[in-house]
Amino acid sequence: MLDFRTIPASKRIAMVAHDNRKTELLEWALVNREALSKNTLYGTGTTGKLLEEKLNQPVIRLLSGPLGGDQQVGSMIAEEKIDLLIFFWDPMSAQPHDPDVKALLRLCVVWNIPVASNKATADFIFSSPLMNQDYTATQIDYSTYLNRKL
Ligand SMILES: O=C(CO)COP(=O)(O)O
């Protein structure tokens, strides 16, 4: 259940792509340039730089993924500073920072953050009426889980 609260309709969107999927993300971003321009964009180092050039829109740049960028995005999610993640990760190649990628995707589940890993999902999210509403993805209630008997 979504909780309609304080976050304005403009979303704080983190955008990340592995090297083999950067072109795909840039293509999607260009097609959706107008919708993206209504939001605040964050990106890992290289992805952020390429997006800024392509969109001619400021992208707040974090570190490159292998240097800690994924962890920075995860930390922002845990601090409720990111509303939505578009992460085109590479399903065909191992990354040196695979544990960071997994940790980021895990935190998205913990904090109930919508994640797009491909164009189809990104399109579904961007065409959702929820994009124009004030909502915050609230943390799943883990109290039962945490109180469980071991
Ligand atoms: O490696 C990444 C995500 O795991 C992305 O990092 P860059 O945007 O710096 O290429």
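Looking only at residues that are within 11 Å of the ligand (Cβ to nearest atom) and β-branched (Val, Ile, Thr) in the range 68-110, which one is surrounded by the fewest Cβ atoms within 10 Å (Cβ to Cβ)?
Within the range 68-110, the match that is surrounded by the fewest Cβ atoms within 10 Å (Cβ to Cβ) is VAL101.
With (1) modelled with pLDDT under 95; (2) in a helix (DSSP H, G or I) as the list, and GLN72 as the residue in question, which single condition is left unmet?
The one condition GLN72 does not meet is (1).
Among the residues of the range 10-47, write down those that are touching a strand residue (DSSP E or B) at 6+ places or on another chain (Cβ under 9 Å) and hydrophobic (A, V, I, L, M, F, W, C).
ILE13, ALA14, MET15, VAL16, ALA17, LEU25, LEU26, TRP28, ALA29, LEU36, LEU41 - these are the residues of the range 10-47 that are touching a strand residue (DSSP E or B) at 6+ places or on another chain (Cβ under 9 Å) and hydrophobic (A, V, I, L, M, F, W, C).
What are the residues in the range 110-132 that are touching a residue at least 12 places away in the same chain (Cβ under 8 Å), farther than 16 Å from ARG33 by Cα and under 14 Å from the mean Cα position of the chain (by Cα), if any?
Listed by number, the residues that qualify are VAL110, TRP111, ASN112, ILE113, PRO114, VAL115, ALA116, SER117, ASN118.
Residue-by-condition table, conditions (1) in a helix (DSSP H, G or I); (2) modelled with pLDDT of 95 or more:
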{"residue": "MET1", "(1), (2)": "no, no"}
{"residue": "THR6", "(1), (2)": "no, no"}
{"residue": "SER10", "(1), (2)": "no, no"}
{"residue": "ALA14", "(1), (2)": "no, yes"}
{"residue": "LYS22", "(1), (2)": "yes, yes"}
{"residue": "LEU25", "(1), (2)": "yes, yes"}
{"residue": "TRP28", "(1), (2)": "yes, yes"}
{"residue": "GLU34", "(1), (2)": "yes, yes"}
{"residue": "TYR42", "(1), (2)": "no, yes"}
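Being touching a strand residue (DSSP E or B) at 6+ places or on another chain (Cβ under 6 Å) and among the charged types (D, E, K, R) is the filter here; which residues of the range 48-58 pass it?
So in the range 48-58, the residues touching a strand residue (DSSP E or B) at 6+ places or on another chain (Cβ under 6 Å) come out as 48, 51-52.
GLU52 - this is the single residue of the range 48-58 that is touching a strand residue (DSSP E or B) at 6+ places or on another chain (Cβ under 6 Å) and among the charged types (D, E, K, R).
The values are calculated or read from the model by the stated rules, or taken from the named source; none is laboratory data. From a predicted model like this one, the values you see are computed outputs, not experimental measurements. Cβ sites come from the backbone with ideal geometry, for glycine too, and all protein chains shown count toward neighbours.
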